[in-house]
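Asks: Can you keep this structure in mind? I'll have questions shortly.
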Amino acid sequence: MRWALVKVCLAVTTMVVVAFAVPLGLVVREMARDRAFSSAEREAAAVAPALSITTDRDELERVVASAGADSGLAVHLPASGGRAAIDLGRQRAADRDIAAVRRMGRASTGTVTGGSTLLQPVALGSGAIAVVEVYVPESEVTNGVGTAWAVLAAVGLALIVGSVAVADRLGVRMVRPAQRLAEGAHELGEGRLGARVPEDGPPELRQAAVAFNSMADQVVQLLASERELAADLSHRLRTPLTVLRLNAASLGAGPAADQTRSAVAQLEREVDTIIRTAREAKPQTAAAGPGAGCDAAEVVRERMEFWSALAEDEGRKWRVAGVDRPVRIPVARTDLAAALDALLGNVFRHTAEGTAFAVDVHNGDDAVIVLISDAGPGIPDPDAAMARGSGSGAAGSTGLGLDIVRRLAESTGGDVRIGSSVLGGTEVRIWFQLDGRGPAGRGHRGSARRRRARRLVSTFNRPRSLP
């Protein structure tokens, strides 16, 4: 495409230059010829007054001599009154041409060796016609024509070269974005998901680049969402696996019990492998759409009813508060249930049997806080635990449980914090924002939210008795 544009521009410019330069060159040559003959006419006109006054040979010779030896001036007087014809100066024109001019009484030009001649008739006082001959060398006729043609040729060549250069630059400007777009498509097709193209060039190619980059972003988001979905679904399997593992531990001895425990362990390892494989996905923090949400109190009651059976088997004391009335939050029911299962599963997985735990829900004006606390050993490094994939490294830990909870809270504009609970162990605070803005808002409202958050947390941190 680039070379095609250059060739088209070269052909068009060449035709334009030829169309203008050739006629202009001919005009320059004609102007030089006219200039030379105009000068010859002036020389002939300078002799006419002398001829009208006298026809004396000596006087006329002085007039011719005053014009200069190199002027090419000659005077031809006809025979008259018994006087022979007089020819002064060097004659170059043919006798028949001189006779023709004398007979017609009209100026004429002719071609001679080395140039041209101008024959100008002049009427004498006797009524006879004299002819003044002025020789015009070829060098005067073509004087300046070669230079003018050279300048025209140089200008034409410069125009052609300039047009080719401009066409080449335009071609590069058009072709390079298209090449980058093609290279980006090849890279994306080869699996390099970070391939993007600069959004420059002509408007059409810019639009194509914008569409390509948008498509690439969508592909990356879709793949990330699929990996996250695989990780989340696999992580949700940990809850029934925990139940199976606890139940298998109570089967006692025997080949069937050993096989069951071995199968449960193998299933846990496979689920962990799936989660670790998919844990590189980017978090999805899009807020829930209008009308989406669930009753957090109902979900907490439902999940605590499920976990209470395991708590009784392990001799754990537990408490739930703040679920006596509906508490609406802008997250899906299944997502909240998965988050609660992840946190409660961590309590059962990482604390000893008999360790107490509690779940508290508070419904504020612009936020809902859910606290999950336990009396276990706590988490030594809360920041590292919140990092995606930073699990304990022990068997059965993928490090995705807290990340699932964090992404759910951030989808509403909230957050997740880890601290020490009044029970002596870990406290996980989940902040669900109801108006789509985070707790650290701007200005007075943000300060008010932070003050309310501190009051809410201090309220939940008061010691409460467990049943």
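The values are calculated or read from the model by the stated rules, or taken from the named source; none is laboratory data. Small disclaimer: the values here were computed from a predicted structure and weren't measured. Using ideal geometry, Cβ is built from the backbone for each residue, glycine included, and neighbour counts are taken over all protein chains shown. Quick note on the areas: whole protein, heavy atoms, side chains included, nothing else; ligands and nucleic acids left out. Shrake-Rupley method; radii C 1.70, N 1.55, O 1.52, S 1.80 Å.
Asks: Filter region 342-365 for residues that are among the acidic types (Asp, Glu) and touching a Gly at 6+ places or on another chain (Cβ under 9 Å); which is modelled with the highest pLDDT?
Replies: Step one: list which residues in region 342-365 are among the acidic types (Asp, Glu), which gives 353, 360, 365.
Then keep just the ones that are touching a Gly at 6+ places or on another chain (Cβ under 9 Å); that gives 353, 360.
Values: Glu353: 90, Asp360: 94.
Across region 342-365, the extreme among qualifying residues is Asp360.
Asks: All but one of (1) more than 18 Å from Ala339 (Cβ to Cβ); (2) modelled with pLDDT under 80; (3) in contact with an Asp or Glu (Cβ under 9 Å, 6 or more places away or on another chain) hold for Asp272; which doesn't?
Replies: Going through (1) more than 18 Å from Ala339 (Cβ to Cβ); (2) modelled with pLDDT under 80; (3) in contact with an Asp or Glu (Cβ under 9 Å, 6 or more places away or on another chain) one by one, Asp272 breaks only (3).
Asks: Further question: Could you list, in sequence order, all residues of region 184-227 that are farther than 30 Å from Asp403 by Cα, surrounded by fewer than 15 Cβ atoms within 10 Å (Cβ to Cβ) and over 14 Å from the mean Cα position of the chain (by Cα)?
Replies: Across region 184-227, the qualifying residues are His186, Gly189, Glu190.
Asks: From Val17, Val22, Val28, Val47, which residue is hydrophobic (A, V, I, L, M, F, W, C), part of a helix (DSSP H, G or I) and without any contact (Cβ under 8 Å) to a residue 40 or more places away in the chain?
Replies: Of the residues listed, the single one that is hydrophobic (A, V, I, L, M, F, W, C), part of a helix (DSSP H, G or I) and without any contact (Cβ under 8 Å) to a residue 40 or more places away in the chain is Val22.
Asks: Something else now. Can you name the residue in region 149-189 that is in contact with a Gly (Cβ under 7 Å, 6 or more places away or on another chain) and modelled with pLDDT of 85 or more and, of all such residues, is nearest to Pro202 (Cα to Cα)?
Replies: That would be Leu152.
Asks: While we're looking at this one, here's another question. Quick check on this structure: which one of Gly114, Gly105, Gly127, Gly144 is under 23 Å from Thr54 (Cβ atoms), at pLDDT 80 or above, exposed (fewer than 15 other Cβ atoms within 10 Å of the Cβ) and not hydroxyl-bearing (Ser, Thr, Tyr)? Spell out how you get there, then give the answer.
Replies: On the way: Gly114 fails: under 23 Å from Thr54 (Cβ atoms); Gly127 fails: at pLDDT 80 or above; Gly144 fails: under 23 Å from Thr54 (Cβ atoms).
Of the residues listed, the single one that is under 23 Å from Thr54 (Cβ atoms), at pLDDT 80 or above, exposed (fewer than 15 other Cβ atoms within 10 Å of the Cβ) and not hydroxyl-bearing (Ser, Thr, Tyr) is Gly105.
Asks: So, in region 364-381, of the ones that are within 14 Å of Gly424 (Cα to Cα) and in a loop (DSSP other than H, G, I, E, B), which residue ends up most open to solvent (accessible area, probe 1.4 Å)?
Replies: Pro380
Asks: Whether any residue in region 435-452 is open to solvent by 20 Å² or more (accessible area, probe 1.4 Å), in a loop (DSSP other than H, G, I, E, B) and modelled with pLDDT of 50 or more is what I want to check.
Replies: So far as region 435-452 goes, yes, one or more of its residues are open to solvent by 20 Å² or more (accessible area, probe 1.4 Å), in a loop (DSSP other than H, G, I, E, B) and modelled with pLDDT of 50 or more.
Asks: Go through Ala296, Ala278, Ala256 for me and flag whichever is farther than 26 Å from Gly378 by Cα and either open to solvent by less than 40 Å² (accessible area, probe 1.4 Å) or modelled with pLDDT of 90 or more (or both).
Replies: On the way: Ala296 fails: farther than 26 Å from Gly378 by Cα; Ala256 fails: either open to solvent by less than 40 Å² (accessible area, probe 1.4 Å) or modelled with pLDDT of 90 or more (or both).
When all the criteria are applied, what remains is Ala278.
Asks: I want to confirm something. Restricting to region 302-334 and keeping residues that are surrounded by 21 or more Cβ atoms within 10 Å (Cβ to Cβ) and touching a residue at least 60 places away in the same chain (Cβ under 8 Å), which single residue is nearest to Asp365 (Cα to Cα)?
Replies: So the residue we want is Ile329.
Asks: Kindly indicate the residue of region 382-412 that is open to solvent by less than 20 Å² (accessible area, probe 1.4 Å) and at positive phi and also modelled with the lowest pLDDT among those meeting that condition.
Replies: Applying the filter and picking the extreme gives Gly396.
Asks: Conditions: (1) assigned to a helix (DSSP H, G or I); (2) more than 30 Å from Ser38 (Cβ to Cβ). Gly194 meets all but one. Number of the miss?
Replies: Condition not satisfied by Gly194: (1).
Asks: For Thr54, state whether it is polar (S, T, N, Q), at pLDDT 85 or above and out of contact with any Leu (no Cβ under 6 Å at 6 or more places or on another chain).
Replies: On the way: polar (S, T, N, Q): yes; at pLDDT 85 or above: no; out of contact with any Leu (no Cβ under 6 Å at 6 or more places or on another chain): yes.
Judged against the criteria, Thr54 is not a match.
Asks: Looking at this structure, is Glu187 within 30 Å of Leu73 (Cβ to Cβ) and outside any loop (DSSP other than H, G, I, E, B)?
Replies: no
Asks: Given the criterion open to solvent by 40 Å² or more (accessible area, probe 1.4 Å), modelled with pLDDT under 80, touching a strand residue (DSSP E or B) at 6+ places or on another chain (Cβ under 8 Å) and small (Gly, Ala, Ser), identify the matching residue among Ala85, Ala48, Ala69. If you could, list the steps in order and put the result at the bottom.
Replies: Numbers: Ala48 fails: open to solvent by 40 Å² or more (accessible area, probe 1.4 Å); Ala69 fails: touching a strand residue (DSSP E or B) at 6+ places or on another chain (Cβ under 8 Å).
Answer to the check: Ala85.
Asks: Follow-up. Is it true that some residue in region 161-168 is hydroxyl-bearing (Ser, Thr, Tyr), open to solvent by less than 60 Å² (accessible area, probe 1.4 Å) and outside any strand (DSSP E or B)?
Replies: yes
Asks: Here is a further query. Please work out if Ala36 is open to solvent by less than 70 Å² (accessible area, probe 1.4 Å), part of a helix (DSSP H, G or I), out of contact with any Leu (no Cβ under 9 Å at 6 or more places or on another chain) and under 22 Å from Pro78 (Cβ atoms). Can you show your working first?
Replies: On the way: open to solvent by less than 70 Å² (accessible area, probe 1.4 Å): yes; part of a helix (DSSP H, G or I): yes; out of contact with any Leu (no Cβ under 9 Å at 6 or more places or on another chain): yes; under 22 Å from Pro78 (Cβ atoms): no.
When the stated conditions are applied, Ala36 does not pass them.
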